[in-house]
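FYI, it's all coordinate maths here, none of it is from the lab. Since we're looking at a predicted model, the values are computed, not measured. Reconstructed Cβ throughout: ideal geometry from the backbone, glycine too, with neighbour counts over all protein chains shown.
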Amino acid sequence: MPTYHNAYTILSDVREGINEYSSAFVNATDTSGAYTNAWLMTQINKAQKYIYNWLLIRIPEMFLEYEDLTGVSSVFTLPSDFGVLKIFTDDNYRKVYEIKADQLKVKNATGSDRLYYRKGNTLVLDKDSVTDVYRLQYYRRARDLNQGSASASDTLATTAAVTADYYNGMIIEDITGAQAAEITDYTTGRVITSAITLASASYYGIVSDLPEPFHYLIAPKAILYIKQSPQSIEKPSAREIDDFNEDFTSVYRGYARTLDYDVSDMFTDFESGIPSYAGIVND
């Protein structure tokens, strides 16, 4: 029995829920089913994003992270789990402000080390050649889950992300070898570093970034998405939707330790819990 409710287990739950389960289907040794594992994982990750977005709006502090970044010629690379920026400060803990393209310094101007712009997965200062350590406060995102059969020793399946460090800090469970560990490093070649050795052809599942009580809600939400798709013969019933909403409410109440939320509040209140950070930090 798996230790964690990992992506492999969630995929098994989803296949059970849509009445298309077999170990061969889950392991992809039989691909004759109506749904591919790749498409089902897309729905699973969509369900995870739904839960994450809901929680981020209401209790964002659960995702709050801090990281010190060292500038490389004024470029600061964002961490792999970066989601939403809270505040970016310089080496004196003064706020650094975002600017747009039309606000960049003119040619041969000095620029400011307290102004930055976003470029891909980096923050770039308006001033050149800065190598100081700046601090990033941000809300981490829920990274996409992955499962499958290792393509080589300590190498994830070809469906895994090819972004360096993408799974760093996440738990991987080796289903075949009955072991689990944190991924401490991950390369673009899909190779993991952890306290375990993932053997070639071993089945594995990565564990969600969401708080553990919400892991069991991912499969039911994914099943609802699947049944809403055009190719699904069976459509979600009102009872299924109500059951998910009630389960979500129950888990949220327990996690947030609040009793004053009911189902109607949970799914009609979209007021953001993320505060505004327009104020100026004192120099």
For helix 7-17, what angle does its Cα long axis make with the longest principal axis of the chain, in degrees from 0 to 90 and rounded to 10? 40
Which log10 I(q)/I(0) values, to two decimals, does the chain give at q = 0.12, 0.15 Å⁻¹ under the Debye formula with one point per Cα? -0.88, -1.16
Semi-axis lengths (Å, descending) of the ellipsoid that matches the C-alpha gyration tensor of region 146-206: 15, 12, 9
Eigenvalues of the alpha-carbon gyration tensor of region 61-140, times 5 and square-rooted, give semi-axes in Å, largest first, of 22, 13, 11
As a footprinting exposure proxy, order M41, M62, M1 by other Cβ within 10 Å, with the fewest listed first. M1, M62, M41
With the Cα gyration tensor of region 87-178 in hand, convert its eigenvalues to equivalent ellipsoid semi-axes via √(5λ) and list them largest first in whole Å. 40, 15, 11
In Å, what is the Rg of the alpha-carbon atoms in region 77-124, and how long is Dmax? 11.8, 35
Identify all aspartates and glutamates with a Cα-Cα distance to K221 below 17 Å; exclude those on the same chain that are fewer than 8 residues away in sequence. D13, E16, E20, D144, D209, E212, E234, E240, D242, D243, E246, D247
Out of region 1-70, which GluC sites (Glu not before Pro) are coil in DSSP terms and have no more than 15 other C-beta atoms within 10 Å? E20
Nonlocal amide H pairs with A180, under 5 Å, H built at 1.01 Å: D174
Estimated 222 nm signal from helices in the chain, with DSSP H stretches of n ≥ 4 weighted -39500 (n - 2.57), rounded to 500: -8000 deg cm²/dmol
Computed from the beta carbon distance with a Förster radius of 41 Å, FRET efficiency for A161 and N108 to the nearest 0.05 stands at 0.50
Taking Cα atoms, how many degrees apart are the long axis of helix 37-58 and the longest axis of the chain, rounded to 10 and kept between 0 and 90? 50
In degrees, nearest 10, the alpha-carbon axis of helix 218-228 is tilted away from the dominant principal axis of the alpha carbons of the chain by 70
